[in-house]
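Just so you know, all these numbers are worked out from the coordinates, no wet-lab data involved. Bear in mind that the values here come from a model prediction, so they are computed numbers and not experimental data. All Cβ positions, glycine included, derive from the backbone under ideal geometry; neighbour counts span all protein chains shown.
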Amino acid sequence: MKIIGTSLLLPVPTGVLCIAAQPVASEDLQKPKGGLIRGAQKLKFSLIVPTYKEAANVEAIVQQLTRLLNPVLDNDYEIILVDDDSPDRTWEIAQSLMATYPMLQVMRRQQERGLSTAVIRGWQAARGEILGVIDGDLQHPPEVLYQLLKAIEEGADLAVASRHVDGGGVSDWSPTRRFLSRGAQVLGLLMLPNVVGRVSDPMSGYFLVRRSVIAERPMSPIGYKILLEVLGRGTIGEVAEVGYVFQERQEGESKVTWRQYLDYVGHLVRLQTSQGRIGRLRQRFPIERFVRFGLVGLSGVFVDMAMLYLLSDPTMLGWNLTRSKILAAEVAILNNFLWNDRWTFGDLSSYQHGWQKRLKRFLKFNVICLSGLVLNVLILNVLFNVFGINRYIANLMAIAAVTFWNFWLNLKLSWRVTDAK
Ligand SMILES: Nc1nc2c(ncn2[C@@H]2O[C@H](COP(=O)(O)OP(=O)(O)OP(=O)(O)O)[C@@H](O)[C@H]2O)c(=O)[nH]1
Ligand SMILES: [Mg+2]
């Protein structure tokens, strides 16, 4: 993880959105000019406060949080405010509070945007064993933190402040917003029952999680719903829920628009394809790679046809059919190889530099294609002569089987990458 940053502000982690198992070592943090020395010693708790245009709320939230946490956690915690370069300069106001509140750290993000990624960037820089998030607009009652912390101390991996359990609710939501919120939850339950169904309020933006259960797991959330990402990618055992009433905003304005609903659906789809049934299938069989391989194969058919026409047609070169076909097939194989090497298996090729290695891959690809051709003829004969299947259907079946054969052997042999450096 590379870190960039400016004086006094907490440097912003860059690269993959992945939380380290241990707090980031101090040498990995750029030493800020202002003399802020921030070691990588562990703390018990790190609470992220994501903000965007919360200038009117920032002092109150920091004050309330420290008043609450100081007596129970002494110096063993930090508050990290992650601001996305708010035009109302929320980050600057927060920065000016750091002298009064030594537990406060401020991160100003200028390259990235978005609530969920702000939270993860904050967690990446955090030193706590327990990681948490709370809104910066005072809509989440800070005193619920006591119960959330207690739940984690009693063994929960994840403690969620919920609007849908005893003691929970929303203060003054319009029927439309209630409907949309519930509708979103139902959609989530249908698409990802094992993720969304684990908590009563999967939309909650107020929760605590043990670092160990989400560490070393690359994340890629879209939009607002960071809890979905934690549930979907973490290895969460016991879950606890604490009721809370979502307060009305007193200062500043909501950033929720229709965009957040679209992002939510996009996020569900992304998690579904990596974690759901499709995701499990993909872990066993590289579907996308196979589709690419199939498309390249299709392009090869056109190349083969065109070459055959150019070489053997009486109006063109008029060569002998067998000679033309062999050459046409070889040009098609070359076409397929080049596309596969760049596209289908491009990521694997990039580990094996140099023209000699590429030539080796090409030769293996040729041999495997040849073995596929022999197999094709064999299967066609068995299906047609032994089972009496229509010759065209039999040929289709043979082509399908040989495509799998070619794909699998090429993946395992031609583009095989070992762990050796
Ligand atoms: N860093 C960062 N924080 C954000 C971003 N969008 C929203 N926030 C903060 O995330 C918290 C929740 O955002 P809100 O817009 O209040 O959303 P909400 O509380 O779900 O909805 P409302 O009830 O309409 O306020 C607030 O502290 C915002 O300032 C963002 O893009 N980046
Ligand atoms: Mg809000």
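Worth a mention:
- Phi-derived couplings, Karplus 6.51 cos²θ - 1.76 cosθ + 1.60 at θ = phi - 60°, listed residue by residue for segment 359-376: 4, 4, 4, 5, 5, 4, 4, 4, 4, 5, 4, 5, 4, x, 5, 4, 4, 4 Hz, with x used for Gly and Pro.
- Under 13 Å from K150, Cα to Cα: aspartates and glutamates that are on another chain or at least 8 residues apart: E241
- Linear extension gain, E154 paired with R284, 0.36 nm per residue minus alpha-carbon span: 43.1 nm
- 38 Å tail of the calculated P(r), the chain, as % of Cα pairs: 41 percent
- For segment 312-318, the Karplus equation 6.51 cos²θ - 1.76 cosθ + 1.60, evaluated at θ = phi - 60°, returns couplings of 9, 5, x, 7, 10, 6, x Hz by residue, with Gly and Pro reported as x.
- In degrees, nearest ten, helix 258-275 long axis to first principal axis of the chain (Cα): 60 degrees
- Modelled FRET efficiency - R0 35 Å, Y392 with V417, Cβ distances, 0.05 increments: 0.35
- Cross-link reach is defined here as a Cα-Cα straight distance under 19 Å, omitting same-chain residues fewer than 8 places apart; for K42 the aspartates and glutamates meeting it are E27, D28, D74, D76, E78, E129, E153, D157, E216.
- Ranked by how many other beta carbons lie within 10 Å on average, peptides 103-112, 146-155 from highest: 103-112, 146-155
- Ignoring aspartates and glutamates fewer than eight residues from K325 along the same chain, the ones with Cα atoms less than 16 angstrom from its Cα are D304, D313.
- Dipole size of the chain about its Cα centre, with +1 on Lys/Arg Cβ and -1 on Asp/Glu Cβ: approximately 2060 debye, rounded to the nearest 20.
- In order through segment 125-133: 3J(HN,Hα) via Karplus (6.51 cos²θ - 1.76 cosθ + 1.60), integer Hz, x for Gly, Pro: 8, 6, 10, x, 7, 10, 10, x, 9
- Taking amide H as placed 1.01 Å from N in the peptide plane, G169 has its amide H under 5 Å from the amide H of Y244, V245, F246, each at least 5 places away in sequence or on another chain.
- Taking amide hydrogens as placed 1.01 Å from N in the peptide plane, the amide H of R249 sits under 5 Å from that of no residue at least 5 positions away in sequence or on another chain.
- When the Cα positions of V62, T235, I80 are compared along the charge dipole of segment 3-283, T235 comes out farthest toward the positive end, with charges on each C-beta of Lys, Arg, Asp and Glu.
- Measure of compaction for segment 313-421 (Cα Rg per 2.2 N^0.38 Å): 1.30
- The length gained on full extension between D74 and R358, counted as 0.36 nm times the residue separation minus their Cα-Cα distance, comes to 96.1 nm.
- Calculated over segment 247-375, the projected area of the Cα convex hull averaged across directions stands at 15.2 nm².
- Ordered from longest to shortest, the equivalent ellipsoid semi-axes for segment 312-377 are 28, 14, 10 Å, each the square root of 5 times a Cα gyration tensor eigenvalue.
- Cα→Cβ-extended label distance, 7 Å offset, between R178 and M305, nm: 6.1 nm
- The gain in end-to-end length when the V269 to W405 segment is fully stretched comes to 45.9 nm, 0.36 nm per residue minus the alpha carbon separation.
- Residues whose placed amide H lies under 5 Å from that of Q105, excluding near-sequence neighbours: I79, I80, L81
- Packing order of peptides 224-235, 316-327, highest average first: 224-235, 316-327 (average count of other Cβ atoms within 10 Å over each peptide's residues).
- Evaluated at q = 0.11, 0.14 Å⁻¹: base-10 log I(q)/I(0), Debye formula over Cα of segment 88-176: -0.44, -0.71
- Cβ-Cβ FRET estimate between E143 and R249, R0 fixed at 30 Å, reported to 0.05: 0.95
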